[in-house]
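The values are calculated or read from the model by the stated rules, or taken from the named source; none is laboratory data. Please read all numbers here as calculations on a predicted model, not as lab measurements. Using ideal geometry, Cβ is built from the backbone for each residue, glycine included, and neighbour counts are taken over all protein chains shown.
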Amino acid sequence: MDISGGPVRFDLSFLNPKSRPLFGLDISASSIKMVELSDAGKDGCRVERYTIEVLPKDAVVDGNIADLEAVQEGVRRAWRRLATPTRNVAMALPASAVISKKIIVPAGLREEDLEVLVESEANQYIPFSIDEVNLDYQVIGPAPSAPDELEVLIAASKKERVEDRLAVAEAAGLKVVVMDVESYATLAAFELVFRQLPLEENAPVVALVDVGMNVTKLTVLRNGVQIYAREQAFGGGLLTQDISRRYGMGYGEAEAGKRAGNLPEDYESELLPQFMDSLALEVSRALQFLFTSTQYNKVDHIVLAGGCASIPGIDELVATRTQVNTIIANPFAGMVLSDRVRAKNLLADAPSLMTACGLALRRFDPS
């Protein structure tokens, strides 16, 4: 559904078992990530291919593409490495660039009337002209309070934020067919991880902790429904800066060394443990904010995502610090792997591919 007048839409729909060729393209602060999935029949999904291409420092800042040429070139290189004939992609905007609102409308409206009503309602919540935004909506279902009404989710973003990502994809010869929201895409992948938890509780409270380059995002769900979200200024970029200072490396060299694991010997004995302790402390602090600002006083499980979740032993350290069962996010567990994908590499990269995986799942959405 597109009521923005353009070819690209927000995708707020639920997963359905029909397919169309596309792959997920995630542009983060540190890298370009691409994931392509296909239908494996009774075995679910197959991971056809994936790739990660590191971006220069500050190419993307606070979700904004600051260096358009660097990001365009990164997408070109990543697509060449992905080696897929598919050109259709699903991309996402950071949640900070999107205004979303749930509204209640009468049931039984014709689609054209619903579009008019949504646009009218959106005018009340969007602080700029409706002509300046891309707007979409998704019917969630019957309203909790009245069976003759529907709950509808509206999402809107300024066109310039959408157009930056369109320009990046189009410069690489790709076609954007879905523009999602990063948080929605991540939660789509999280549903696959959720099934892996030892859920003995009636209404489990699960904390998804996504440690990015500059920001750690905490999303708390109860029975699969989001109840809390918070961001903290902490990420893997701090470790890269420490490496750069300690060993006299440029930022890019330090980041490459961190990813390749070929840093000096005292890195793993001194520098890395300090960062791991800081990360575990940040997770504990994030949970304390949850406990002091909501009715909840415990979480049943922690799921670690982001590149830092691949650090060996970080799950045990967080579990010890928080006294909460902790696992590393792997939305690909149980999926069939193509011959192009190395299981060991995918296992290490999986925590950082949550958003790209969630976008790739849009292949199975018929809308």
Any residue at all in region 94-106 that is of a type in the set (Ser, Thr, Tyr) and farther than 26 Å from Val61 by Cα? no
Out of Val162, Val152, which single residue is surrounded by 12 or more Cβ atoms within 10 Å (Cβ to Cβ), in contact with a helix residue (DSSP H, G or I) (Cβ under 9 Å, 6 or more places away or on another chain) and not in a strand (DSSP E or B)? Val162
Of everything in region 257-267 that's loosely packed, with under 15 Cβ neighbours inside 10 Å and in a helix (DSSP H, G or I), which residue is nearest to the chain's Cα centre (by Cα)? Ala260
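When you go through Val71, Val47 one by one, which is the residue that is assigned to a strand (DSSP E or B), in the same structural domain as Asp339 (by TED's automatic domain parsing) and at pLDDT 95 or above?
Values: Val71 fails: assigned to a strand (DSSP E or B).
Result: Val47 is the single residue among Val71, Val47 that is assigned to a strand (DSSP E or B), in the same structural domain as Asp339 (by TED's automatic domain parsing) and at pLDDT 95 or above.
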Please enumerate the residues belonging to region 313-343 that are more than 22 Å from Ser284 (Cα to Cα), surrounded by fewer than 18 Cβ atoms within 10 Å (Cβ to Cβ) and touching a helix residue (DSSP H, G or I) at 6+ places or on another chain (Cβ under 7 Å). Val336, Leu337
Residue list for region 202-253, restricted to those being part of a loop (DSSP other than H, G, I, E, B), under 20 Å from the mean Cα position of the chain (by Cα) and under 21 Å from Val61 (Cβ atoms): Gly212, Met213, Asn214, Val215, Ala233, Phe234, Gly235, Gly236
Criterion: assigned to a helix (DSSP H, G or I) and outside the structural domain of Ala66 (by TED's automatic domain parsing) - qualifying residue of Gln138, Gln124: Gln124
Is it true that some residue in region 191-205 is more than 22 Å from Asp349 (Cβ to Cβ), buried (at least 18 other Cβ atoms within 10 Å of the Cβ) and not aromatic (Phe, Trp, Tyr)? yes
All but one of (1) in a strand (DSSP E or B); (2) surrounded by fewer than 17 Cβ atoms within 10 Å (Cβ to Cβ) hold for Gly173, so report the exception by its number. (1)
So, first residue aliphatic (A, V, I, L, M) in region 334-349, second residue at pLDDT below 95, Cβ within less than 6 Å, six or more apart or across chains; the pairs are Met335/Cys45; Val336/Ala40; Val336/Asp43; Ala348/Ser310
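hydroxyl-bearing (Ser, Thr, Tyr), at pLDDT below 90 and within 28 Å of Ile154 (Cβ to Cβ) - does that describe any residue in region 1-15? Step through it out loud before you land on a result.
Step one: list which residues in region 1-15 are hydroxyl-bearing (Ser, Thr, Tyr), which gives 4, 13.
Going one step further and asking which of them are at pLDDT below 90, we end up with 4, 13.
Checking the rest, the ones that are also within 28 Å of Ile154 (Cβ to Cβ) come to 4, 13.
Yes, region 1-15 contains a residue that is hydroxyl-bearing (Ser, Thr, Tyr), at pLDDT below 90 and within 28 Å of Ile154 (Cβ to Cβ).
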